[in-house]
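The values are calculated or read from the model by the stated rules, or taken from the named source; none is laboratory data. Predicted model only: the values in this text are computed from it and were never measured. Cβ coordinates were reconstructed from backbone atoms using ideal geometry, including for glycine residues, and neighbour counts include every protein chain displayed.
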Amino acid sequence: MTSLHRELVSIQQQEKPKRILEAARGLFSSLGLKNTSIEDIATKAGLGKGTVYLYFKSKEEIFSSLVADFQESLHFVTLDASSISGTATDKLNAIIEARVNWWERSYVEYGLTTISLYEALSTPVSKAARERFQVEDVKLIKEVLEEGIRSGEFAFANCTRNANLIHATLDALCFPWETSEGRVAAQDRIKTFCRLLLKGLNVH
């Protein structure tokens, strides 16, 4: 075997786990964890079932890997948004917009359904990952709120409580809004929440 051949084989071996994860991501999103089998994943990835087992012991291990990547990606989206140049209000708006749009892309790109999302969020693996990153995300939001208080943009007493409340509301926004008039677009959800959060219900 030539060095070039060995290099090509090595690249192919590295690509297989990625293909498996990408296939599983789409299937878990559209069908859910319970309704997806290793055989389904192998077929979508264009690999044999045995090949999948060379890299992952079970579909639960694949799911665990995806959940970790999923939550980490959402965290970095939040981190990037909180780091933009601008006022604390700008940063808070950016965080809200980034997280809502991130979830919207998941629905569009992977065919994520509300049912499969509820199933995923109820698993111990998902709960543990969310709790781990929640601490970091709440901290980022809290820092923005504290910046806003220092600059005179915001006025309230408990940054920690408000940061947790905003984070919990953003979690709720991961689900589509359905009304009698149909599904509410992501940008409309963002505008509604930002207006309510930053301007309140009172007439000023």
Subset of region 149-204, residues assigned to a helix (DSSP H, G or I), among the polar types (S, T, N, Q) and either free of Cβ contacts under 8 Å to residues at least 24 places away in the same chain or on the phi > 0 side of the Ramachandran plot (or both), comes to Thr160, Asn162, Gln187, Thr192
Check on Leu92, in contact (Cβ under 8 Å) with a residue 12 or more places away in the chain, over 30 Å from Val138 (Cβ atoms) and not hydroxyl-bearing (Ser, Thr, Tyr):
no
Per the filter on region 176-194, residues loosely packed, with under 13 Cβ neighbours inside 10 Å and more than 27 Å from Gly148 (Cβ to Cβ) are Glu178, Thr179, Ser180, Glu181, Gly182, Arg183, Ala185
Selection count where residues are closer than 11 Å to Cys174 by Cβ and loosely packed, with under 15 Cβ neighbours inside 10 Å, scope region 106-129
3
Given the conditions (1) under 19 Å from Leu66 (Cα atoms); (2) at pLDDT below 95, report the number of the one that Glu7 does not fulfil.
(1)
Show me the helices (runs of 4 or more DSSP H) found entirely inside region 19-108 where at least 2 residues are within 24 Å of Ala186 (Cβ to Cβ).
59-82
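Let me confirm something: among Leu66, Leu92, Leu117, Leu74, which residue is touching a Lys or Arg at 6+ places or on another chain (Cβ under 9 Å), assigned by TED's automatic domain parsing to the domain that holds Phe175 and under 24 Å from Leu196 (Cβ atoms)?
Numbers: Leu66 fails: under 24 Å from Leu196 (Cβ atoms); Leu92 fails: touching a Lys or Arg at 6+ places or on another chain (Cβ under 9 Å); Leu117 fails: touching a Lys or Arg at 6+ places or on another chain (Cβ under 9 Å).
Matching residue, one of Leu66, Leu92, Leu117, Leu74: Leu74.
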Applying the selection to region 109-123, what residues are assigned to a helix (DSSP H, G or I) and either free of Cβ contacts under 8 Å to residues at least 40 places away in the same chain or over 13 Å from the mean Cα position of the chain (by Cα) (or both)?
Glu109, Thr114, Ile115, Ser116, Tyr118, Glu119, Leu121
